[in-house]
Every structure is written in C-alpha cells, then in structure tokens.
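What follows is calculated from the coordinates using simple rules that are stated; it is not laboratory data. Keep in mind it's a predicted model, so treat the numbers as computed, not measured. Note: ideal-geometry Cβ built from the backbone for every residue, glycine included; neighbour counts use all protein chains shown.
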Amino acid sequence: MNVLVIGNGGREHAILKALKKSPKVNKLYCMKGNAGTAEIAENINVDYMNIEAVKNYVNDHPEIDYFVVAPDDPLAIGLVDELEAMGKRCFGPRKNAAIIEASKAFSKALMKKYNIPTSESETFEDYEKALSYVRAKGAPIVLKADGLALGKGVLICQTLKQAEEGLKEIMLDKAFGSAGNKIVIEECMQGLKYTPGEEVSVLAFTDGKTIVPMITSCDHKRANDGDKGLNTGGMGTFSPCPFWTKELEDEVMQTIMIPTMNAMNAEGRTFKGCLYFGLMRTNKGMKVVEYNSRFGDPETQVVLPMLKTDLMEIFEAVTDERLADINVEWENGACVCVVLASGGYPLSYAKGKEITIGELPENVDVVHAGTAVKNGKLVTNGGRVLGVVAKGKNIEAARRLAYSAVENVNWENMHYRKDIGVKYREG
C-alpha cells in the first residue's frame, strides 16, 4: 500500500519509521513533513488545515491507499470525515469523537456523566464568575483553556496570585487565542509520593469495540530541569513508567479505558484511532488528567520503537473494527527520548541555525521535528527540533546512551533538559 501520514513533527517521523518496517507498505508520503520525513517519505507541501487543498491533492493522487491523520488540529476540524466521505481508508477519529481532546469542557462533562475518575472541576465562560470561583477555592489550582493550545494551555498555579494572573492571561489577554474563550478550573491532584503527583501517559489503540493499551510512558512538560520553567509541548519521555504494575493496568482498564470507550459509543461519538489517556496516581486511585485524540508527542517517539507487531496491520484492524483479532506485542527493555529545542522555546526563538549530527552509537535514533533543508544544509525550523531516542535494558541504560549521543548533535543556542528519565526514580 501507499500511505500518507499527515503532520510535520516528531510524532509523524516516528510513525513513518514504524510504518517503513511493514511489508504491507510500498511508498510513504508525508504532508507537510520535515527534513527527517523527507529521507523515508515523499513530502507533500500542502497545508493540511486547508481541507479543500487536501481534497484536491487526494483527488489528483488516487494511488494513495491509506491516510493517517496524526495531529490534533486537522482531527478537530473533521479531516477524517472528509477523507472517508471520499471513500478513503483512514486511521484517526472523526470530528465528533476528536472533541474529547478539542474541548476540555466536553471531556470533563463526559467523565462526570459516566463516573470516570478525574479531578473536581467547573467550567466557565464568564471571567468574573471564574475569578470568584478561583478566590473561593484558593491555591494550588489548575487552569485549562478549553480548546487546543499546542499542548501549552494548562497552568498549574501554586498561589492565588498566580491563579488570578493566569485567569486574566487566558480569558482576557487571550494568550491561547479563542481556545481560552471557555476555561476549565480544576483541583490540583496530589500523588502518593511526589508533588504534584505521579503522571503517566497510556496511549491505546481502539476501534470502538476493543481497546488495547500500548506500553506506558512518562512526559516532561516543563522547559527546564527539575520540572521548572514554562509549559512546553514536551521536552522528553521515557518508557515504561517505573510505578506501573499489572494491578494498576487492570484498574485503569476497568475504571477508565473501557468506560471511556463505552461512554463515547453511548454519546454517538464512537472513537476509532489512538486514544491517549493522561493519568495520575493519587491516594484515591488512578484518575484522568486529560484525554488526547491522537498519538502523543514526544510519547510516540519512545512507544513505537518498542512495538513488535506490524503497525500497518494494527491501523487496518482499527479501520475495519477487528482489533480484537490482532495480538499486539512489545519488546522488553526501555526507551528514552531527549528533546533538543531551540534556545528561547517555548517563547521566541531563532530558525535557520545549521545542525550538525555526528556518528551515533548503536540503538540510538534521531527523530526530526522542527527541521528543514536550506541550501543543502540541515537547519532548525521550529521550537522542538530533534528527539534523540535510545533503547536499553532499563531506563538508566537507555538514558545514559541517549545523553552520550546528544553530545554528537549541535547547533547555535541548542537547549535540552539534563534530567529526562530520572523522574520517579527511587531515592
């Protein structure tokens, strides 16, 4: 088959790398792609948020058999619906299911209605009412812009002053644009041993009838070491989660995953694709922090390299609603991804800096995110530029290998965290 992956970041490069291993795949395409995807796929310079432009391209290229819509934005505007209406086979949820990520107010209401464990919350469209609620509740407290905000629309406020400033930033100053027209205000959940809690990402394949969790991973959202600095799209990940057990997996499956799949079916919003569960371990059991309607980034970079089963087979099984027939298997060991970013990210940063990548050790791969080729040279073209991914027998071995490889990558003002993979380590 000829397969088109839509998106241009590290997640899409990681998906393409996994699909390239499949004997079922003939040629790969990527819209729009980056310098890394260009090495294994034909990059298509079409704006995937322009549905008419995408449809025109698809009409002109009947040789493409299958479409993977990877980012949240095109899912939220219904690109899968449009492709399916053209008779195309796709991986990714339709618009009415992608709302589980596109609206935090929707997902919180869903969890309340179906008794899926999550934090206490209220939703507001009126700034003054939201402000009164924040002052009544006090801090710490969590503010979430309702809509999509590149993974950055969440503020964890430790003081009332921070909460008041954050509320103004989201609702009045429109720091996240129209995503902040509505706001979800949540209690700040506390973990068993860590503050603000132990979080784990569990991505799952689902065809609306069966749900199959992938191996667990842990993200690092803050820009700087020690989980300090501004929220980002993710500065690194590791897999598997050290505190994850068979007991926790069973609990999550019975109290969160299956109930979520069933709730979406009951609402007439059957979810087919990758459903991402952002979870926290608390003294009241596992709770949902957030849902995403697609593969996480940079979680995908550490999850898919550990997949033994043919990814294309899984995608087709989801499309055909026969996921129950597939045995999804994973490698033993661990995987770590260190994100290399442009200095200044997630605020302002320069582009066009020349990147040098030296020789990499065995079991290390480089996933491209914000890269381009200009005048024959590899250059930076975004905030998060590269992900250095390493596999090892355990997390410590994988992180040592990843950081040894980072030393062979360089550009002017490169920034990265030095503590990826130490989170939740005993002692």
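For the chain, leaving out every one of the GluC sites (Glu not before Pro) that falls in a DSSP loop and has at most 12 other Cβ atoms within 10 Å, the longest unbroken run is 126-328. Based on C-alpha pairs under 8 angstrom that are at least 6 apart in sequence, the stretch 2-94 has a relative contact order of 28 percent.
Note on LYS113: aspartates and glutamates with a C-alpha under 19 Å away, same-chain residues under 8 apart excluded, are GLU101, GLU122, ASP146, GLU186, GLU187, GLU267, GLU290. Would you mind calculating the relative contact order of the stretch 89-157 from Cα pairs under 8 angstrom and at least 6 residues apart, reporting the percent as a whole number? The normalised contact order for the stretch 89-157 reaches 31 percent. For the stretch 197-276, the set of trypsin sites (Lys or Arg not before Pro) satisfying both a DSSP loop assignment and a count of at most 16 other C-beta atoms within 10 Å is given as LYS209. For GLU198, the residues whose amide H sits under 5 Å from its own are GLY191, LEU192, LYS193, ARG281, ignoring neighbours fewer than 5 places away on the same chain, with H placed 1.01 Å from N. Think of the stretch 334-415 as a dipole: +1 on every Lys or Arg Cβ, -1 on every Asp or Glu Cβ, centred on the Cα centre; then among GLY376, ASN394, SER348, SER348 lies furthest on the positive end.
Spin-label model, ASN375/GLU331: points 7 Å from Cα along the beta carbon direction are separated by 3.9 nm. Dipole size of the chain about its Cα centre, with +1 on Lys/Arg Cβ and -1 on Asp/Glu Cβ: approximately 620 debye, rounded to the nearest 20. Contact order, relative form, for the chain: 16 percent (alpha carbon pairs under 8 Å, 6 or more residues apart, mean separation divided by residue count).
When the chain is fully extended, how far beyond the present Cα-Cα distance does ASP225 get from LYS209, taking 0.36 nm per residue of separation? Numbers along the way, then the final one.
Numbers: separation 16, 0.36 × 16 = 5.76 nm, distance 4.10 nm.
That works out to 1.7 nm of additional length.
Per-residue 3J(HN,Hα) values for the stretch 302-316, derived from phi via the Karplus relation 6.51 cos²θ - 1.76 cosθ + 1.60 with θ = phi - 60°, read 9, 7, 5, x, 8, 7, 8, 6, 4, 4, 5, 4, 5, 4, 5 Hz in sequence order (x marks Gly and Pro). Sorted ascending by nearby beta carbons within 10 Å, beginning with the fewest, LEU155, LEU4 become LEU155, LEU4. The string of couplings for the stretch 255-267 from the Karplus curve (6.51, -1.76, 1.60, θ = phi - 60°) is 9, 10, 5, 5, x, 5, 4, 5, 5, 5, 4, 5, 8 Hz, one whole number per residue in order, with x for Gly and Pro. Ordered by the count of other Cβ atoms within 10 Å of each Cβ, fewest first, SER239, SER293 give SER293, SER239.
Can you pull a Stokes-Einstein diffusion coefficient for the chain at 37 °C (0.692 mPa s), Rh from Kirkwood over Cα pairs, as a whole number of µm²/s?
Numbers: Rh = 21.9 Å.
Here the translational diffusion coefficient equals 150 µm²/s.
Size descriptors for the stretch 192-325, from the alpha-carbon set: Rg then Dmax equal 15.1, 45 Å.
Amide H to amide H, with H built 1.01 Å from N, THR309 comes under 5 Å of GLU329, counting only residues 5 or more places away or on other chains.
Of the trypsin sites (Lys or Arg not before Pro) in the stretch 331-400, which ones lie in a loop per DSSP and count no more than 11 other C-beta atoms within 10 Å?
LYS393
Note on the stretch 2-94: Cα Rg divided by 2.2 N^0.38 Å, N the number of residues, gives 0.97. Residue by residue through the stretch 69-80, what is 3J(HN,Hα) from phi via Karplus (6.51 cos²θ - 1.76 cosθ + 1.60, θ = phi - 60°)? Round to whole Hz and write x for glycine and proline. With the stated coefficients, the stretch 69-80 comes to 9, 9, x, 5, 4, x, 5, 5, 8, x, 5, 4 Hz.
For the chain, what does the helix formula give at 222 nm: sum of -39500 (n - 2.57) over DSSP H segments with n ≥ 4, over the residue count, nearest 500 deg cm²/dmol?
Details: 13 runs with 111 residues, N = 427.
Helices in the chain give a 222 nm mean residue ellipticity of -7000 deg cm²/dmol.
Between ALA53 and THR309, the simple label model (points 7 Å from Cα in the Cβ direction) yields a spacing of 3.6 nm. Dimensions of the stretch 334-415 based on its C-alpha atoms, expressed as ranges along the principal axes with the largest first, amount to 38, 28, 16 Å. Taking amide H as placed 1.01 Å from N in the peptide plane, LYS182 has its amide H under 5 Å from the amide H of ASP146, GLY147, each at least 5 places away in sequence or on another chain.
Taking one quarter of the surface of the C-alpha convex hull of the stretch 254-377 gives a mean projected area of 12.5 nm².
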